[in-house]
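The values are calculated or read from the model by the stated rules, or taken from the named source; none is laboratory data. This structure is a prediction, so every number in the text was calculated from the model and none was measured. When we count neighbours, we look across all protein chains shown, and the Cβ atoms used for this are built from the backbone with ideal geometry, even at glycine. The protein model used for the area step is the full one, side chains on, heavy atoms only, and it has no ligands, DNA or RNA in it. Shrake-Rupley method; radii C 1.70, N 1.55, O 1.52, S 1.80 Å.
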Amino acid sequence: MLRNQLLVELKRACTVKNLLMWIAIIILLPTIRFCMISEGYQFYKPVEVFQEMVSAIIPLLFPALAIIIYLPSFLQEQRNKFITYTRTRIPLNTYLLSKGLMNAFLTGFVIFLLIFLPFVFIVYLEPNLGIILYTPIDENAHIPTVTFSQLLSYGDLTYGLIYSLWVSINGVVYSTIAFMLLLNLNNPFVALSIPFLFYHIFNFVTGVLDVPMFSPLSTIFPFNIEEQPLWTVLVPFSFLLIVLIGIFVFSMRNQKEWMI
């Protein structure tokens, strides 16, 4: 039953409006950033271009991007009392589980492509096009390294895949927290705003405390600080997982009060 419901949810989610929005997220945002950095910047290697390409715009909007990929559709169903009408056809737990899994899948997939496709373009295609003019590396050149650069020793593709997966997993966690909050809070605006506010407020707090290596932004998009040990990226991520587990446990104990 769950498998069939997942297929139903996938077909329901793949509307023309949603497909156009996902394409815009995947293609438009990196393209805008690429146009901004294609001139006036000094680069030594394609990986540097990729890192700059997924900086600024995408990190700033990241929680919002994770939330808008699927949750507006679910929110619309909540407002139209659509879920109430499905109780006679499918168990509520199965229905909501399919919603949560589809939210995680689509969010993870879109965000993975948002990061990985620019990586493929910059590292494997752009050098043949010659759009970016690279500065020759000499003995006096200082090339700063950032977190996750440790993975480059295993090859560019390994770095691109693992880093894209890391960003994708974080997007899934943020969107799942928002999904669970929608089930438990009467005000959907508050539910959808909390992950976004946490992301930016905690980033500000870590800056004030002079520990930017633990900020949500710098652990997902670590291009604004020097290279840190990989374990540092797990600190805010672990906190988010604890929050998610806490909300899930609370939800299981208060199923009858879900506003659906």
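Somewhere in the range 242-255, is a residue over 28 Å from SER164 (Cβ atoms), open to solvent by 50 Å² or more (accessible area, probe 1.4 Å) and touching a helix residue (DSSP H, G or I) at 6+ places or on another chain (Cβ under 9 Å)?
Looking through the range 242-255, at least one residue is over 28 Å from SER164 (Cβ atoms), open to solvent by 50 Å² or more (accessible area, probe 1.4 Å) and touching a helix residue (DSSP H, G or I) at 6+ places or on another chain (Cβ under 9 Å).
Taking PRO59 and the conditions (1) more than 21 Å from SER149 (Cβ to Cβ); (2) in contact with a Leu (Cβ under 7 Å, 6 or more places away or on another chain), which numbered condition does it fall short on, given that it satisfies the others?
Condition (1) is where PRO59 drops out.
Would you confirm whether any residue within the range 84-98 is surrounded by 22 or more Cβ atoms within 10 Å (Cβ to Cβ) and of a type in the set (Lys, Arg)?
no
Of the conditions (1) farther than 20 Å from GLU52 by Cα; (2) surrounded by fewer than 16 Cβ atoms within 10 Å (Cβ to Cβ), ASN224 clears all except one; give me its number.
ASN224 satisfies all of (1) farther than 20 Å from GLU52 by Cα; (2) surrounded by fewer than 16 Cβ atoms within 10 Å (Cβ to Cβ) except (1).
So, in the range 121-136, exactly how many residues are part of a loop (DSSP other than H, G, I, E, B) and open to solvent by less than 40 Å² (accessible area, probe 1.4 Å)?
So the first thing to find is which residues in the range 121-136 are part of a loop (DSSP other than H, G, I, E, B), and the list is 130-133, 135-136.
Okay, now just the ones that are also open to solvent by less than 40 Å² (accessible area, probe 1.4 Å), so 132.
Number satisfying all stated conditions: 1.
Every residue in the range 230-254 that is of a type outside the set (A, V, I, L, M, F, W, C) and touching a residue at least 60 places away in the same chain (Cβ under 8 Å), please.
Once the filter is applied, which keeps residues that are of a type outside the set (A, V, I, L, M, F, W, C) and touching a residue at least 60 places away in the same chain (Cβ under 8 Å), the range 230-254 yields THR232, SER251, ASN254.
How many of the residues making up the range 6-61 are surrounded by fewer than 17 Cβ atoms within 10 Å (Cβ to Cβ), among the small types (Gly, Ala, Ser) and either in contact with a strand residue (DSSP E or B) (Cβ under 8 Å, 6 or more places away or on another chain) or in a helix (DSSP H, G or I) (or both)?
Result for the range 6-61: 1.
Going through THR158, THR145 one at a time, which residue ends up being touching a residue at least 12 places away in the same chain (Cβ under 8 Å), of a type outside the set (A, V, I, L, M) and loosely packed, with under 13 Cβ neighbours inside 10 Å?
Every option except THR145 fails the conditions.
So, THR176, is that one among the hydroxyl-bearing types (Ser, Thr, Tyr) and either open to solvent by less than 10 Å² (accessible area, probe 1.4 Å) or farther than 23 Å from ILE68 by Cβ (or both) or not?
Judged against the criteria, THR176 is not a match.
When SER175 is evaluated against the numbered criteria (1) free of Cβ contacts under 8 Å to residues at least 24 places away in the same chain; (2) under 30 Å from PHE248 (Cα atoms), which criterion, by number, is the only one it fails?
If we test SER175 against (1) free of Cβ contacts under 8 Å to residues at least 24 places away in the same chain; (2) under 30 Å from PHE248 (Cα atoms), just (1) comes out false.
Kindly indicate whether LEU185 is open to solvent by 50 Å² or more (accessible area, probe 1.4 Å) and farther than 20 Å from SER251 by Cβ.
The answer is no for LEU185.
Name the helices (runs of 4 or more DSSP H) wholly inside the range 179-260 in which the number of residues that are over 18 Å from SER149 (Cα atoms) is 3 or more.
By residue number, 188-208, 234-253.
So which residues in the range 173-229 are among the aliphatic types (A, V, I, L, M) and under 18 Å from the mean Cα position of the chain (by Cα), if there are any at all?
VAL173, ILE177, ALA178, MET180, LEU181, ALA191, LEU192, ILE194, LEU197, ILE201, LEU217, ILE220, listed by residue number.
Could you figure out which of (1) farther than 22 Å from LEU161 by Cα; (2) open to solvent by less than 20 Å² (accessible area, probe 1.4 Å) isn't true of ILE68?
Evaluating ILE68 over (1) farther than 22 Å from LEU161 by Cα; (2) open to solvent by less than 20 Å² (accessible area, probe 1.4 Å) leaves (2) as the failure.
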